[in-house]
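Reading through the structure tokens given below for one structure.
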Amino acid sequence: MINTFKTYADRAQQHPNACARDLLMLMERKKSNLSIAVDVTSKAELLSIANQAGPYICLLKTHIDIVDDFDADLVDQLETLAKQHDFMIFEDRKFADIGNTVKRQYGNGVYKIASWAHITNAHTVPGEGIIDGLKEVGLPLGRGLILLSEMSTKGALTKGDYTVESVAMARRHQDFVFGFIAQHQMNETPDEDFLVLTPGVGLDVKGDGMGQQYHTPHDAIVSRGCDVIIVGRGIYGHPDQIQTQAQRYRDAGWDAYLERCKLHQ
Ligand code: 5BU
């Protein structure tokens, strides 16, 4: 494993993928490597949390299909908040079908994900055709894809050869694929710069009784070389403290990043 010695700003200058450049620049500008996972089921709650956490995050992660009262106005309002607070949007759709199907799931249907989500993700189970299908829709729109090379849950099958093959697939599609959902940094050569967005981050608990496993921001960023921490219940699980918790995780993530920079000076 090769650990990157470059700052987010350095990487933003050099990155071959436009979406990754935008995200890295945003992270540096905002001094935040925090993504909030807003897994709530009402439009009003989702918008309220996005608005309160907005100033502290680089990325808002959605599961748009869990919102009971989804409508097009929700997307309009999320886009407005994204501009107002300067964050990007990541729909954690976890596509997993053949290329011909996922391109429709991505561009069409009720959610029209490609029209508003800067970033989405996909399993590599079906093989490389899934990337081809998503790329056909996403690349002309300037979108970016990340692959699931390692999941955060206990007993996940995303390990060993599966992870190695997933990285190899990403390497062949660097115009569109810029990183991974993973638990470790994935670069194998000095010129590679895949971003690693990592879920399973929490400061107060170790698990959730349903397989989720939590590590601290420090562990994720310093020890494992990840780039973006994804925090859900650690923030929205305290509805009266959204700002306080968002600020707490933003600070923990950024302090860990500064420590990583110092270690490599
Ligand atoms: P939590 O409340 O911080 O546990 O939420 C984690 C979020 O990240 C949630 O939206 C999951 O769907 C998402 N997630 C994950 O936890 N682990 C994974 O490996 C992947 C996504 Br991929």
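Quick note: the coordinates plus some simple rules give every number you see, no bench work behind them. Fair warning: this is a prediction, and the values are worked out from it, not measured in the lab. FYI the Cβ positions are ideal-geometry reconstructions off the backbone, even for glycines, and counts take in every protein chain you see.
Structural remarks
- Listed pairs Lys154/Lys206; Lys31/Lys94; Lys31/Lys83; Lys94/Lys135; Lys103/Lys154 exceeding 21 Å between Cα atoms: Lys31/Lys94; Lys103/Lys154
- Figure legend: label point modelled 7 angstrom from the Cα of Arg104 along Cα→Cβ; residues of region 115-134 with amide N under 18 Å from it are 115, 129-134.
- Each part gets one Cα centre, and for region 120-172 versus region 185-252 those centres are 20 Å apart.
- Helix-derived mean residue ellipticity, 222 nm - over the chain, DSSP H n ≥ 4, -39500 (n - 2.57), to 500: -11500 deg cm²/dmol
- Low-density loop positions, GluC sites (Glu not before Pro), region 183-265 - DSSP coil, at most 16 other Cβ in 10 Å: Glu188, Glu192
- Cα gyration tensor category, rounded, prolate or oblate, for region 146-265 with a/c compared to 1.5: oblate
- Cβ-based charge dipole, region 8-263, positive-most Cα from Gln241, Pro126, Cys261: Cys261
- The trypsin sites (Lys or Arg not before Pro) of region 182-265 that DSSP puts in a loop, and whose beta carbon has at most 13 other beta carbons within 10 Å, are Lys206.
- Inter-label distance, nm, simple model (7 Å from Cα along the C-beta direction), Glu128/Asp204: 4.6
- For trypsin sites (Lys or Arg not before Pro), the sites in region 128-174 that DSSP calls loop and that have at most 11 other Cβ atoms within 10 Å are Lys154, Arg172.
- Overall form of the chain per C-alpha gyration tensor (a/c, 1.5; a/b vs b/c): rounded
- Nitroxide proxy distance, nm - points 7 Å out along Cα→Cβ at Gln77 and Thr41: 1.9
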